[in-house]
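Enquirer: Handing you this structure, nothing more for now.
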Amino acid sequence: MWAELLPVGRSAASGGYRRFAWNAADAECRAWFEQQARDRGLAHELDRNGNQWAWLGDPEAGGAVVTGSHLDSVPDGGAFDGPLGVVSSFAALDELRARGARFARPLAIVNFGDEEGARFGVACIGSRLTAGVLSREAAYELRDADGVRLPDAMERAGQDPTAIGADGERLARIGAFVELHVEQGRHLAEHQPVGVASAIWPHGRWRFDFHGEANHAGTTRIEDRRDPMLTYATTVLAARKKARLAGALATFGKVAVEPNGTNAIASLVRGWLDSRAADEATLTALVEEIERAAAERGERDGVRVELTRESYTPVVGFDGPLRDRLAARLGGAPVLPTGAGHDAGILASAVPTAMLFVRNPSGVSHSPAEHAETADCLAGVAALADVLEDLACH
């Protein structure tokens, strides 16, 4: 399975992946998922929000145990973030069948759509729509960098966009959701191969618009300039310093410039901030400080600054009894928090959820250098099989 997925959506130039929602690579991944389901005699289902489900047993019976993750990527992302969870889910089912396991409740494997938000700017679109966290109206307003609307992209890929929205009936079928994921950090490097998640830090995305004045780079005096690039650059440095002092994280990882000419002073710079912290009060204070620093610098530069919050996820504490049950089943596996968002975090408000992490020796993620050792991945499959057996077979 791993070998089949490796070439899909991979850039020859970077070695990273460009599996974005509703593009050709995404369609190939979806076809792969459906084939894996068919090969195992599972009922394949595409829900109203474009998420894929592979069912063992009757979905209507209720109390289903669900596992899975996502197959899309960030721009030039690594091979493990998302796909490891999906591949491991199918492999864990194979292991349970080899053990002769008898299932007492339905089991499902899911591939959530557009988890990374690389194309339309909002993470976890498939699970957010299902949980009612993202409304149909808001989803219809989302556009990619080329101006393509989300519903139009879905329709071109063969998905009916008129049906998207909250799916409470589907969530009511689920008794527990367990997502396996490569660790995005190095906490497990000094421990055993598999850990259990305790919580997800609150996090969000904010767009800063720096409005200046376009002018000639070669004739405009320094004192006459209203250069938004200068304000943007100063804001990036301020965000780094303030995040370090707060024990939090702040990253400007995306920028757009108009008119984007080498010999022209920009008229507009848009920068997207990703910020995360251990608690919501710290995160709120940090973003306010960054906004204040941007506005103060903008006043000096003659630049107007606007801030728009594009997405926000509060702190997510995973289901305590389920978390403890998993840790005990895995022989006292280490329990650790994460700063990364996941579909499991979105579903946590509606169903009992938990996460397993597989050791990442370098801690690198969202990069072609992302890696996990084969032995650790196989330990993850065994751990997931143990957990699913405990939840679905007793």
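Enquirer: Taking Arg30 as meeting all but one of (1) surrounded by 15 or more Cβ atoms within 10 Å (Cβ to Cβ); (2) in a loop (DSSP other than H, G, I, E, B), write down the number of the exception.
Expert: Result: Arg30 passes all but (2).
Enquirer: Hey, another quick one. Do we have any residue at all in segment 140-158 that's open to solvent by 10 Å² or more (accessible area, probe 1.4 Å) and under 15 Å from Asp47 (Cβ atoms)?
Expert: From segment 140-158, those open to solvent by 10 Å² or more (accessible area, probe 1.4 Å) are 140-149, 152, 155-158; that's our starting set.
Adding the requirement that they be under 15 Å from Asp47 (Cβ atoms) leaves 157-158.
Within segment 140-158, one or more residues are open to solvent by 10 Å² or more (accessible area, probe 1.4 Å) and under 15 Å from Asp47 (Cβ atoms).
Enquirer: Which of the residues that make up segment 99-113 are under 31 Å from the mean Cα position of the chain (by Cα) and either among the small types (Gly, Ala, Ser) or surrounded by fewer than 21 Cβ atoms within 10 Å (Cβ to Cβ) (or both)? Spell out the reasoning first.
Expert: Of segment 99-113, the ones under 31 Å from the mean Cα position of the chain (by Cα) are 103, 105-113.
Within segment 99-113, Phe103, Arg105, Ala108, Gly113 meet the criteria.
Enquirer: Among what's in segment 208-225 and is of a type outside the set (Val, Ile, Thr) and open to solvent by less than 50 Å² (accessible area, probe 1.4 Å), pick the residue that is farthest from Glu306 (Cα to Cα). Talk me through it step by step, then tell me what you get.
Expert: Within segment 208-225, the first condition is being of a type outside the set (Val, Ile, Thr), and the residues that meet it are 208-218, 221, 223-225.
Filter once more, so that each one left must be open to solvent by less than 50 Å² (accessible area, probe 1.4 Å): 208-212, 217.
On the way: Phe208: 6, Asp209: 5, Phe210: 7, His211: 8, Gly212: 12, Ala217: 24 Å.
Looking at the filtered set, the residue picked out is Ala217.
Enquirer: Residues of segment 226-243 being open to solvent by less than 50 Å² (accessible area, probe 1.4 Å) and not in a helix (DSSP H, G or I), which ones? It would help to see each step written out before you state the result.
Expert: Just the residues of segment 226-243 that are open to solvent by less than 50 Å² (accessible area, probe 1.4 Å), to begin with: 227-228, 231-236, 238-239, 243.
Across segment 226-243, the qualifying residue is only Asp227.
Enquirer: Follow-up. Exactly one of these conditions fails for Gly147: (1) more than 30 Å from Phe318 (Cα to Cα); (2) assigned to a helix (DSSP H, G or I). Give me its number.
Expert: Unmet condition: (2).
Enquirer: How many residues, within segment 316-348, are open to solvent by 50 Å² or more (accessible area, probe 1.4 Å), in a helix (DSSP H, G or I) and either touching a His at 6+ places or on another chain (Cβ under 9 Å) or without any contact (Cβ under 8 Å) to a residue 60 or more places away in the chain (or both)?
Expert: As a first pass, look at segment 316-348 and keep what is open to solvent by 50 Å² or more (accessible area, probe 1.4 Å): 317, 319, 321, 323-325, 328-329, 331-332, 335, 337.
Next cut, in a helix (DSSP H, G or I) only: 321, 323-325, 328-329.
If we keep only those that are either touching a His at 6+ places or on another chain (Cβ under 9 Å) or without any contact (Cβ under 8 Å) to a residue 60 or more places away in the chain (or both) as well, we get 321, 324, 328.
The total comes to 3.
Enquirer: Return a yes/no flag: does segment 250-272 have any residue that is within 30 Å of Thr353 (Cβ to Cβ), open to solvent by less than 20 Å² (accessible area, probe 1.4 Å) and assigned to a loop (DSSP other than H, G, I, E, B).
Expert: Scanning segment 250-272, I find no residue that is within 30 Å of Thr353 (Cβ to Cβ), open to solvent by less than 20 Å² (accessible area, probe 1.4 Å) and assigned to a loop (DSSP other than H, G, I, E, B), so the answer is no.
Enquirer: Right, another one. Is it the case, given these coordinates, that Val74 is part of a loop (DSSP other than H, G, I, E, B) and open to solvent by 10 Å² or more (accessible area, probe 1.4 Å)? Steps first, answer last, please.
Expert: On the way: part of a loop (DSSP other than H, G, I, E, B): yes; open to solvent by 10 Å² or more (accessible area, probe 1.4 Å): yes.
The answer is yes for Val74.
Enquirer: A follow-up question, please. Checking the condition without any contact (Cβ under 8 Å) to a residue 60 or more places away in the chain and either farther than 22 Å from Lys254 by Cβ or of a type outside the set (Asp, Glu) (or both), which residue from Arg128, Arg102, Arg143, Arg119 passes? Break it down into steps so the answer makes sense when it comes.
Expert: Working: Arg128 fails: without any contact (Cβ under 8 Å) to a residue 60 or more places away in the chain; Arg102 fails: without any contact (Cβ under 8 Å) to a residue 60 or more places away in the chain; Arg119 fails: without any contact (Cβ under 8 Å) to a residue 60 or more places away in the chain.
Just one listed residue meets the conditions, Arg143.
Enquirer: Is it the case, given these coordinates, that Glu60 is under 28 Å from Ala104 (Cβ atoms) and out of contact with any Asp or Glu (no Cβ under 9 Å at 6 or more places or on another chain)?
Expert: Values: under 28 Å from Ala104 (Cβ atoms): yes; out of contact with any Asp or Glu (no Cβ under 9 Å at 6 or more places or on another chain): yes.
Here the answer is yes, as Glu60 does meet what is asked.
Enquirer: Among the numbered conditions (1) closer than 27 Å to Ala118 by Cα; (2) small (Gly, Ala, Ser); (3) open to solvent by less than 50 Å² (accessible area, probe 1.4 Å), tell me where Gly298 comes up short.
Expert: The number of the failed condition is (1).
The values are calculated or read from the model by the stated rules, or taken from the named source; none is laboratory data. Values in this document were obtained by computation on a predicted structure and should not be read as measured data. When we count neighbours, we look across all protein chains shown, and the Cβ atoms used for this are built from the backbone with ideal geometry, even at glycine. SASA here: full protein model, heavy atoms, side chains in, ligands and nucleic acids out. Shrake-Rupley method; radii C 1.70, N 1.55, O 1.52, S 1.80 Å.
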